[in-house]
Every structure is written in C-alpha cells, then in structure tokens.
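Here the structure comes first, spelled out in structure tokens, and everything after it is commentary.
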Amino acid sequence: MALCALLLAWPTDASSQSAAPGASVDLPPVVVQGTTSQPAKKSKKAATSAASGATQASEGVGAEAAPASEGSPSQEAARTLNAIPGGTAVVTSEEITPKASASLSEMLAFVPGVVVQNFFGSNDQPRLQIRGSGLQQNPSERGTLVLQDGLPINRADGSYIVGFADPKSAEFVEVYRGYTANRLGATVLGGAINFVSPTGITDPGVEVSVEGGSFGHFATSAQAGARRGDLDAHASLSYAERDGYRIHNESERTNLNINAGARINENINTRLFFGYTDLAFDVVGPLSSKLMEQNPKQICSGPPNCLGPNVGRDDPSREAEQFRVGSRTTARYGANLFDVAFGYTYTDDSFTFPISGGVRETDGGDFTTVMRYAYAPEPSRALPLFELTGQYVVGSADRRYFINNRGDKDLLVGENELDSSTLSIHAGFNVPITDRLTVSPAIAYSYATRDNDDIYTATTRPFLAIPNPAATMRGTRPFRDTSYDRSYSEWSPSLALSYDIARDQSVFTAVSRSFEPPTHDDLIATVNGNPNASAGFGGSAPNPLAAVFSTPDLDAQTATTLEGGWKGNSSSIAWSAIAYYSWVEDELLNLRDASGVSLGAVNADKTTHFGIELGAAVTLTANLSGRVAYTYQDFRFDGDRNYDDNRLAGAPSHIVNAALRYTVIPGLWVEAEVNWVPDETPVDNANKLYNEAFTLVDLRSSYAVTDNLSIFGEVSNIFDETYASATLVVDSVSSPNQAVFLPGDGRAFVAGVKAKF
C-alpha cells in the first residue's frame, strides 16, 4: 500500500479502467434515467467511435434508458482514443446488450479492421485477427493483446484463449488497431482489446437476465453493484450452454467477475479484481464443400468418405479454466498521473485434438506488472503531453502430450516445462505545434524469452495408428530432445501527425514499426500424423525417420506500417476512414497439410498487408438510425519462392456490416442487420480452393415494458443460408473435397427478458 500511495492516485468519485495512459477520468456518480420519448442530448465531446458504429446513432433513440451523463467512463475513454492518431474504437454495453446471445463476433462486427470468424458457434473459439495478425492460427491463439481492466488475459508468451473474454460482462470495450496498441505494452502487429468492467459507481443496483432459443441455447446472468461512502463493489455472474447447430457441437461457459474499489484520499484510488472463467466445448471440425451443401449439421468421418479428421471417433474437445486476480492503483498530483497494476492468472487448459495432434494439457501461472505515467499540463487536451508505459509478464507452465486413442487419453508422448517472459516499454509525446497541429513521436522497446525444458524421461516416443475401426497399430520413435532457449528483442519507433481541420474533425498520418515474437505454440508442435495416425507415424505408412515434434528456430515477425485517416463527428453523424499498408518481414504462419494435420510454424520471407477501414453511424430522423462498417483486406506474399504474390489464406477481401434501427414507439425498437462477404476467400496459401461469398440477414427487437423490465428477441440468418463462417487455413490442398469448411449456424431464434432493480 505504501508503494501504491507513493506512485499512484485518482482524485475522483469514479475511475474507468481504461488501458491508455492519461485516460482516467474524474466523474460524478452516473445517473441513469428512465425511458423517454425524446432523443437524448448528444455530447459534443463524446468522440464516440464511428469505427465502432452505433453509440451516437443509438443514443436515446428508443433505448431502454437514456445514455449515461456526459463524461461517463465510456465517453471519456472514447474522447481519449478518438484523439489518438490511428485506428481506435470504443464499443459500449448499450450497443451489445440488445443482442441476444451476444458473442465476440457480434460485439466487434462494427469495428472495421477487426475480423472475428466463428468456428463452432457461440463464443467458444472464434478466429480473431486485427489487420491480419494471427490470421493463420488454427485456432486463434496469437496476434492480439487481450486485456481485462488493463491487465492481460494473454499468457506470458503472448498466447491466449479467446473464449475467456465475455462481451456481456463489460461496461465498454476499447479497441486499439496497429501501432496504437504499443502504448499499452503490446508486442503484436494487430492491436489490443481491453474489456472494461462496470463498477459499483457506474452500474449500481441489480440486473438479471434470462434467454433461450434454437439449438439448445440457454443463458442467464446476474450482476449487482453498490457504493457506500468511499467504497464500492460490483459482481457479475453468467452461465451459458448450447447443444449447437451441428452434431458434436455442445458448449458450456461460466464466468464470474468481481471488483471492489476504495478512495483512499482525494489523490489515491485503488481497485481489486477477481475473475474466473470455466469454458468447455466440443470441437465439431470441418467439412468439405460438397458435404456442407448436403448437410451442414453433419461431422467428418475421416477418409475415404471425408478428407479430414474422424470427429466421431476422436471426440475432439477443449476444457479450459482461468483464475484472474489483480489490483490497480492510480494517482494524480497536479499534471502528473501515475498508474500501477499487478495481476496473476492461472490457466488450466486441456485440448483434445484429433488423433494427429493428440491430447495437449497445459497448466501454469503468469505474473504481470504494469506501470504507466502521463504528464498532462493541459486538461482540455484529450492526450497527455508525455506518456510512459512499462509492462513485464513472466510465467511458467507444465505441458504434457498424450496419444488420442478413440477419444481417450492414451500413452504419454512428451512432457515439457515452459518458461516465458516479455518486457515492453513505450515512451511517447503528443506535442501541440499549433492549436490544430500535433506531432506524436514515440519509441517502444521489447525483450522476450521463450525457454523449453524437455523433461520426458523415456528413450522412445510412442505412436499409434488406426488403419480400420477394429485395428490398432503401435510403435515407437527415437527420443529427440525438444528443449530450446530463445530470446527476441527489438526497438519500434513511430511518428504521427494529426491536424484538426474543424471542430470534432481531424486527419492524421503515421509511420510505425511493430514487433511480435513467437509463442510456445509456434515453437513446438506435434507433426507427421494423419487422420488415422498420431504424430510421428509419418505419412500414409510408418516412417522410422518421422519426428514426433517440430521445434523450428523462428524469428520474430516485424513490420513497417504507413497509415492515414480522417475521423469526425457532428450532431447526426460520426465517421472514421483509415487506410494502411504494412511491409511485413518473417510473418509467422502456422501451416497445415491437405488433411488438416499440423506442419508446424514457419517464417514467411516477405509479405504485405494493405487495408481500408471505414465506419459510420448516422441519426437519420428522431426514430431512425443506422450504422455501417466496411473492411478491405489485401494480404499477400511478396515474391515468395513458392507462392509468388498469392493472397494469404483465410482473409476475406471485403467485409460489410450494416444495420438500420427504427423506433416504433417509445421503448420499442426493431433493427435489421446485414453481414455480407461479397467475394471468395482463399483457403490455402497456394490459392487453389476458395470459400464462397455469403450474405446473412438478422432481425432483432427490444421492448421496455416498464422502466425496470424489458423483453428482447432475435432471428439470425433469417433466410437459413448454408455458408462457411470460417475455414481451416492450410498450406496447399490436393482435392476440392478437402474438409476445411466450418459451417455457420442456420436460422436461429432467441428471446429473453431482463429486469433491473
């Protein structure tokens, strides 16, 4: 406490847990008013992210309650982020709450440049990528810094389980694209996402919701917040289960978040956090295009009928839980703001892959220390004159690999002790040259270590093959030590210019460097299996030279990015238009063969990422509002010896999301949403097989029965289109019948009720 008092403070009644230095805000208690028939007054300083979409367009237009008072945490965070010369966004709970069974993909649908592709439905394990970072992960485990109240969910090596993020438990979400995440201590090309929890001050009272619908969907949540004097607390508990659209598609999720705050004196404020997530789901697996068109609900049964994993036999699934504890103390002394945070996470992850990957068990803890400082002599300016962030994460994990024998854990194949540490320091200025022109130079330094101690004691490693349902073939491979000791370091400078062309309008340009070291999942992987044999078998017949593990000597990926954009908002419209071009060296690609079996990770020589990110939210009339987000992605190899200038697999070129909301009467609104991918997406880096274009239409509505009770409903994929929401990403396919397509949900109905006390 003495150290916290020395370093940190906060002189306010409420403080949002924004991740940006200097973004903390002084707030009176938030006053929530009842539903009104008049549109709410818009804040000129809301700076709501046109990139995220609907905050301005939906404020007070048939909402269940009027928006929080001017200067609320989400508005002040948006004001700060909108002033950063780069791609940023704030998504508020008002935007995601009306969506039944709100998943990560739904929450981020109107943030251009952020692409979330559902793998198995619900919020289990989507592929999350920002500007192509982590694009070729199967599943998504790298490329984005994911934070809860400014503390990372990521492990010390940068890997994460995206299902630990719960959109519905957040008061608002901050999104940092590209180099803007460097100021948070990120060491990724894509960016960062920070989930900000409500507090007993910003969200007092009790709220309970229950919903249910198609495919066995059931979800319930309860949250409560209270304040007494200088103390406050907030707790939320949610549970969701789902049978799933397809066979072998069940999922279950429990999430608990608790935070408590204390105002020590007029300068010092501290907050404690506790979180627990228990996640379990079936890995339903891919289908070929032909099988998907025949029946998207079926599962692959393996060769020869399906060129992919035998899901029914191997019973792939994932069970993971994470405990999170942390503290954050803040301080302000005049123009000086300090912020220090400590966090610990313990993660227990059991991933049952198909037989070619086996069963992977990982458990371990990670410690995080974050220190931020901001010097802001002019409170009227959204950004501090100087900002400094230091983040150090250190962790260890025990990992064990087993053979998957018809869905059961069989013989031990490997055992490792994994250690990681990542240090990142960022320092930057935001210097006003004139009243309108600001120059923002910055530099970041990152140092990372990845150590693996192979503690497997046997002299051989076993393998297993199942040539037919009744037969089992066993054998061994010589022991090869998988230990490694790697370190990575890099300086990443950036320079940005922003110019206020009018009130609430600015243009910017920026050039930056980024740095992303590999994770342990990149550095060690099981290889040389097939749909009917475990790692080390070696192709279609036993190969005595086949290795069980691959431990490639990978380089960190780096990039130089040039970007520019135009942001603005007025009384009726908010917008953002950004374009970027990245020259990437040593891009980390996680490759799979034609049957979906891991080939391990490699560094591509040179690649380029070009993108356009457009977003707008508009109030058309007192009762009609709309929002739209458009993402263009052109990610390519650059003169590669194998793939020339081919497109990188897995990245749709065009993504359009548009919604129109109409207030029928006060308290009752209906909204139609269109999700459109208008062209084909390559499945493999050889660009031989493509995922077809698709269009989805959703319809939702909400009605405030009273000030404290509302009902809501949604119909998704109204026209019951058969489509692949995502695909595996493979190196090259050998047949158009390859099982690489992950069918999205068919038509679904969900309805629920929410009560506030």
Quick one: how many Å² of V210 are accessible to a 1.4 Å probe, rounded to 10? 60
Could you pull out every residue, at least 5 positions away or on a different chain, whose amide H is within less than 5 Å of the one on F386? Hs are placed 1.01 Å off N in the peptide plane, and Pro or chain starts have none. Y375, N430
Can you find, among T681, P316, P379, the residue sitting farthest towards the positive end of the charge dipole of the chain, where Lys and Arg contribute +1 and Asp and Glu -1 at Cβ? P379
Given H placed on each backbone N at 1.01 Å, which residues far from R131 in sequence or on other chains put an amide H within less than 5 Å of it? V115
Estimated vicinal HN-Hα couplings, Hz - segment 374-387 in sequence order (Karplus 6.51, -1.76, 1.60; Gly, Pro = x): 9, 10, 10, x, 10, x, 6, 8, 5, 10, x, 5, 9, 9
With +1 assigned to the C-beta of every Lys and Arg and -1 to the C-beta of every Asp and Glu, and no other charges, what is the dipole magnitude of the chain about the Cα centre in debye, to the nearest 20? 920
In the chain, lysine pairs 8 or more places apart or on different chains with C-alpha atoms under 20 Å apart total 9
Please determine, in degrees from 0 to 90 and to the nearest 10, the orientation of helix 73-83 with respect to the longest principal axis defined by the Cα atoms of the chain, where the helix direction is its Cα long axis. 80
Could you check how many percent of all C-alpha pairs in segment 670-738 are farther apart than 21 Å? 48
Rounded, prolate or oblate, given the Cα gyration tensor of segment 506-630, with a/c below 1.5 counting as rounded? prolate
Cα-derived Rg to Rh of segment 605-646, Kirkwood definition: 1.40
Diffusion coefficient in µm²/s returned for segment 209-340 by Stokes-Einstein, Kirkwood Rh over C-alpha pairs, 10 °C and 1.306 mPa s, is 85
Could you run the Karplus curve 6.51 cos²θ - 1.76 cosθ + 1.60 with θ = phi - 60° over segment 145-154 and give me ³J(HN,Hα) per residue in whole Hz, x for Gly and Pro? 8, 9, 10, 10, 6, x, 10, x, 7, 4
Magnitude of the Cβ-charge dipole (Lys and Arg +1, Asp and Glu -1) of segment 176-271 about the Cα centre, nearest 20 debye, reported as 400
Once the dipole of segment 543-633 is set up with Lys and Arg at +1 and Asp and Glu at -1 on Cβ about the Cα centre, which of A629, L589, A559 lies farthest towards its positive end? A629
Placing +1 on the Cβ of each Lys and Arg and -1 on the Cβ of each Asp and Glu in the chain, which of P126, P112, Y488 has its Cα farthest towards the positive end of the resulting dipole? P112
Can you give the accessible area per residue of the chain, in Å², using a 1.4 Å probe? 35
Please label the shape of segment 188-267 as rounded, prolate or oblate, based on the square roots a ≥ b ≥ c of the eigenvalues of the alpha-carbon gyration tensor (a/c under 1.5 means rounded; beyond that, a/b larger than b/c means prolate, else oblate). oblate
Keeping all protein chains in place and using 1.4 angstrom, which order do H609, H248 fall into by accessible surface area, from largest down? H248, H609
Share of Cα-Cα pairs in segment 312-380 lying beyond 17 Å, as whole percent: 63
With every protein chain left in place, what is the accessible area of W575 in Å² (1.4 Å probe, nearest 10)? 40
Need one word for the chain: rounded, prolate or oblate. Basis is the Cα gyration tensor (sqrt eigenvalues a ≥ b ≥ c); a/c below 1.5 gives rounded, then a/b vs b/c decides. prolate
Quick one: which residues, 5 or more positions from G358 or on another chain, have an amide H under 5 Å from its amide H? H modelled 1.01 Å from N in the peptide plane, none for Pro or chain starts. F353, N404
With N set to the number of residues, divide the alpha-carbon radius of gyration of segment 617-718 by 2.2 N^0.38 Å and report two decimals. 1.55
Under the Karplus curve 6.51 cos²θ - 1.76 cosθ + 1.60, θ = phi - 60°, whole-Hz ³J(HN,Hα) for segment 481-486, x wherever Gly or Pro sits: 5, 9, 4, 7, 9, 10
Given charges at beta-carbon only (K, R positive; D, E negative), |dipole| of segment 636-741 in Debye: 100
Dimensionless Rg/Rh of segment 322-457 - Kirkwood Rh, Rg from C-alpha atoms: 1.21
Return the carbon/sulfur percentage of the accessible area of the chain, one whole number, probe 1.4 Å, all protein chains in place. 57
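The values are calculated or read from the model by the stated rules, or taken from the named source; none is laboratory data. As the structure is a prediction and not an experimental result, all values here were calculated from the model. With ideal geometry, Cβ positions are generated from the backbone for all residues, glycine too; neighbour counts draw on all protein chains shown. Quick note on the areas: whole protein, heavy atoms, side chains included, nothing else; ligands and nucleic acids left out. Shrake-Rupley method; radii C 1.70, N 1.55, O 1.52, S 1.80 Å.
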